[in-house]
1. Would you confirm whether or not the stretch 72-84 contains a residue that is in contact with a Lys or Arg (Cβ under 6 Å, 6 or more places away or on another chain) and either at pLDDT 95 or above or not in a loop (DSSP other than H, G, I, E, B) (or both)?
2. Taking interchain pairs and intrachain pairs at least six residues apart, which have beta carbon atoms under 7 angstrom, with the first residue in the stretch 7-22 and within 16 Å of the ligand (Cβ to nearest atom) and the second among the aromatic types (F, W, Y) and open to solvent by 10 Å² or more (accessible area, probe 1.4 Å)?
3. Checking K108 against (1) more than 16 Å from the ligand (Cβ to nearest atom); (2) charged (D, E, K, R); (3) over 15 Å from I182 (Cβ atoms), only one condition comes out false. Which one?
4. Can you name every residue in the stretch 7-47 that is modelled with pLDDT of 95 or more, open to solvent by 30 Å² or more (accessible area, probe 1.4 Å) and assigned to a loop (DSSP other than H, G, I, E, B)?
5. Just one of (1) free of Cβ contacts under 8 Å to residues at least 12 places away in the same chain; (2) closer than 20 Å to K228 by Cα; (3) not β-branched (V, I, T) trips up P71, so point out which.
6. Quickly run through the stretch 153-162 and pick out the residues that are surrounded by 15 or more Cβ atoms within 10 Å (Cβ to Cβ) and under 15 Å from F112 (Cα atoms).
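The values are calculated or read from the model by the stated rules, or taken from the named source; none is laboratory data. Here the structure is a predicted model, which is why all the values come from computation and not from measurement. Reconstructed Cβ throughout: ideal geometry from the backbone, glycine too, with neighbour counts over all protein chains shown. Surface areas here come from the heavy atoms of the whole protein model, side chains and all, with no ligands, DNA or RNA. Shrake-Rupley method; radii C 1.70, N 1.55, O 1.52, S 1.80 Å.
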Amino acid sequence: MEALQDAGMICFFTGAGISTESGIPDFRSPGGIWSQYRIIEFSEFVASEEARLEDWDRRFHMSDVFEESAPNHAHYLISDLIADGTASGVITQNIDGLHERSGVPSGKVVNFHGSGAYAHCLNCERQYSILNCKDIIDKTGRSPVCDCGGLIKAAVVSFGETIPEDFLHRAISLVDSANTLIAIGSSLQVWPAAGLLERAVHNGAQLFVINNTATPFDKDAGLVLRAKVAELTENAYELLKVRRQSGPSPK
Ligand code: NAD
């Protein structure tokens with residue numbers, strides 16, 4: 001824990017593993033989303049009505065799961081550390097909105113892979129509610145189309161879809177201002193998100209990895225905690241008390 005006292009400005013990077021204890025399955029663990037669903041690439045969504053309906057079907061299912069879930073200790077700890085200035089923000093690959101629901105202001109969260117909370121037109125970017133899209137599909141049996149003629153899609157970044165520039169710039173700015181990047185609950189196998197860790201290491205920042213299985217970045221990390229996030233965060237509250245008394249050191 002001396003490591004945390006010397007962490008300087010922290011930036012968090014989170015993945016699906018931080019939300020499994022909130023009841024949301026991750027991708028790669030046994031019973032995870034890959035065991036239930038196949039990947040629908042962005043190009044397939046655009047090309048095929050059948051793929052769009054399949055994609056919507058899983059969005060509606062996940063939207064129900066997100067609604068029934070709640071932030072856990074780990075989300076609240078991150079929220080707390082951002083509120084007291086110990087951390088500058090959180091970059092998340094998750095689309096479940098749990099960081100915002102734990103109290104992190106939206107300006108301090110980068111939803112690197114978008115959000116499952118709403119949909120948008122791929123052409124004019126007009127926003128739609130997921131419920132609205134469900135109504136259209138229930139009534140017409142067809143995937144929703146915007147007034148401008150563009151396809152409407154959940155506002156998540158699919159495989160093969162470009163990360164919006166704004167997300168990329170905000171994430172890079174958080175990484176570049178961090179002395180320590182703490183990756184929590186991610187297999188760190190999805191790119192370009194994992195490139196942010198590479199950038200942090202290249203910048204000379206410390207890297208801490210908290211995950212219950214091995215990741216490709218463990219070798220670069222000053223600290224690897226192979227633990228369940230919720231159990232660990234309970235202890236972390238105690239350990240971080242020391243650090244809070246002295247405050248974060250500016251970069
Ligand atoms: P991933 O499934 O590839 O990796 C999750 C990692 O977390 C795994 O290595 C797993 O062993 C670990 N893990 C699971 N539960 C844990 C726990 N309680 N404590 C510690 N470690 C735990 O997910 P990823 O790295 O985030 O990348 C894949 C993509 O998954 C992302 O793009 C994201 O958009 C998407 N996704 C998001 C959600 C969500 O929003 N909650 C859910 C599933 C998938």
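1. Filtering the stretch 72-84 down to residues in contact with a Lys or Arg (Cβ under 6 Å, 6 or more places away or on another chain) leaves 82.
Next, only the ones that are either at pLDDT 95 or above or not in a loop (DSSP other than H, G, I, E, B) (or both) stay: 82.
Yes - at least one qualifying residue is present in the stretch 72-84.
2. Filtered contacts from the stretch 7-22: A16/F27.
3. With (1) more than 16 Å from the ligand (Cβ to nearest atom); (2) charged (D, E, K, R); (3) over 15 Å from I182 (Cβ atoms) applied to K108, the lone miss is (3).
4. Answer for the stretch 7-47, where residues must be modelled with pLDDT of 95 or more, open to solvent by 30 Å² or more (accessible area, probe 1.4 Å) and assigned to a loop (DSSP other than H, G, I, E, B): M9, E41.
5. Against the list (1) free of Cβ contacts under 8 Å to residues at least 12 places away in the same chain; (2) closer than 20 Å to K228 by Cα; (3) not β-branched (V, I, T), P71 comes up short only on (1).
6. Residues of the stretch 153-162 that are surrounded by 15 or more Cβ atoms within 10 Å (Cβ to Cβ), as a first pass: 153-158, 161.
A154, A155, V156, V157, S158, E161, listed by residue number.
Yes/no matrix, rows are residues, columns are (1) at pLDDT 95 or above; (2) among the polar types (S, T, N, Q); (3) not in a strand (DSSP E or B):
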| residue | (1), (2), (3) |
| --- | --- |
| G103 | yes, no, yes |
| V110 | yes, no, no |
| N123 | yes, yes, yes |
| F159 | no, no, yes |
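The rows are residues; the columns are (1) modelled with pLDDT of 95 or more; (2) open to solvent by less than 50 Å² (accessible area, probe 1.4 Å); (3) in contact with a strand residue (DSSP E or B) (Cβ under 6 Å, 6 or more places away or on another chain).
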| site | (1), (2), (3) |
| --- | --- |
| A171 | yes, yes, yes |
| I184 | yes, yes, yes |
| L188 | yes, yes, no |
| K219 | yes, no, no |
| L225 | no, yes, yes |
| R244 | no, no, no |
